[in-house]
Amino acid sequence: MNKGSIYTPMKMDNPFTTSANNTPDKSMKYWLNKVHCGDCVELMNQMPAGSVDLVVTSPPYNIRNSTGNGLKNGSGGKWKNAALLNGYAGAEYDDAMPHDKYVSWQRQSLTAMMRVLRDDGAIFYNHKWRVQGGLLQDRADIVSGFPVRQIIIWQREGGINFNPGYFLPTYEVIYLICKPGFKLAPKANAMGDVWRIPQENNNPHPAPFPVELAQRCIRSTNAQVVLDPFMGSGNTAIAAEIYGRNWIGIDIAKEYCKLAEERILANRSLYREK
């Protein structure tokens with residue numbers, strides 16, 4: 001793969017593109033309809049360039065690195081029973097990177113996603129804005145320089161807000177990051193840009209991406225190969241199979257890779273019974 005084919009949205013990302021120059025040594029048959037356990041950037045950089053139609057994903061939000069210390073105060077009443085109090089998968093990933101390292105990691109991840117996207121592909125990148133040090137943190141430092149075409153509002157149910165300085169957040173955002181040739185499926189543009197979808201309950205993952213949200217992203221396109229590099233509990237794969245699409249899942253936590261495989265198999269059995 002020559003350097004000209006690597007997506008480098010900003011000069012600051014150049015140090016991250018060297019790993020993307022590796023020549024892929026595995027065919028698409030190896031990748032499709034499987035959960036791959038490992039570092040998502042490393043694995044995406046082994047995939048053939050231009051091999052994926054769509055990315056639907058929601059990365060860890062780095063929520064334990066917070067100026068509010070809400071999740072860290074396990075003994076003082078704040079989020080005492082919060083599922084993410086100890087990070088993900090028994091702290092295989094603690095979700096508490098220094099902010100600059102987190103931003104660099106997410107930009108590496110987006111750069112790797114852009115490399116594997118076809119020229120008419122897109123990324124649905126779910127993230128959460130938050131208040132840090134009294135100011136809005138809108139994730140512009142992550143997505144700046146990438147071709148963001150639209151921001152979709154995911155309106156979910158409210159939670160708890162211990163800070164009297166701002167209102168209870170009841171939404172998250174989905175950045176629609178597009179290659180030049182991307183178009184929605186016929187009539188999908190009528191969905192609008194505010195999606196009212198409740199959070200998912202009865203899922204062992206502490207922060208699941210709802211199946212319904214993944215379904216809406218997928219059915220709004222004609223994509224045949226859908227990638228989720230932060231697969232978590234497997235909901236993107238489940239949504240892809242509901243619509244008869246191929247999928248590729250990646251997660252660094254062995255616990256979640258196993259969970260995703262179990263839930264995908266259970267969903268297949270459920271649909272066979274129907």
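Remarks
- Neighbour-count ranking [beta-carbon atoms within 10 angstrom, fewest first] of L54, L184, L270: L270, L184, L54
- A convex hull fitted to the Cα coordinates of segment 161-274 yields 155 cubic angstrom per residue.
- Near A237: Cβ cut-off under 12 Å, other residues only, Lys/Arg at +1 and Asp/Glu at -1. The net charge is -1.
- For segment 140-188 and segment 29-46, distance of Cα centres in Å: 26 Å
- Under-5 Å amide H pairs with T221, H placed in peptide plane, nonlocal only: A185
- Isotropically averaged projected area of segment 116-180, using the convex hull of Cα atoms (one quarter of hull area), nm²: 5.4 nm²
- Summed residue charge, Cβ within 11 Å of Q137's Cβ, Lys/Arg positive, Asp/Glu negative: +1
- Per-residue Cβ neighbour rank within 10 angstrom, fewest leading, D120, D251, D100, D138: D100, D138, D120, D251
We did not get these values from a lab; they are worked out from the coordinates using the rules stated. Because the structure is a prediction, the values reported are computed rather than measured. Note that we place each Cβ from the backbone using ideal geometry, even for glycine, and neighbour counts take in every protein chain shown.
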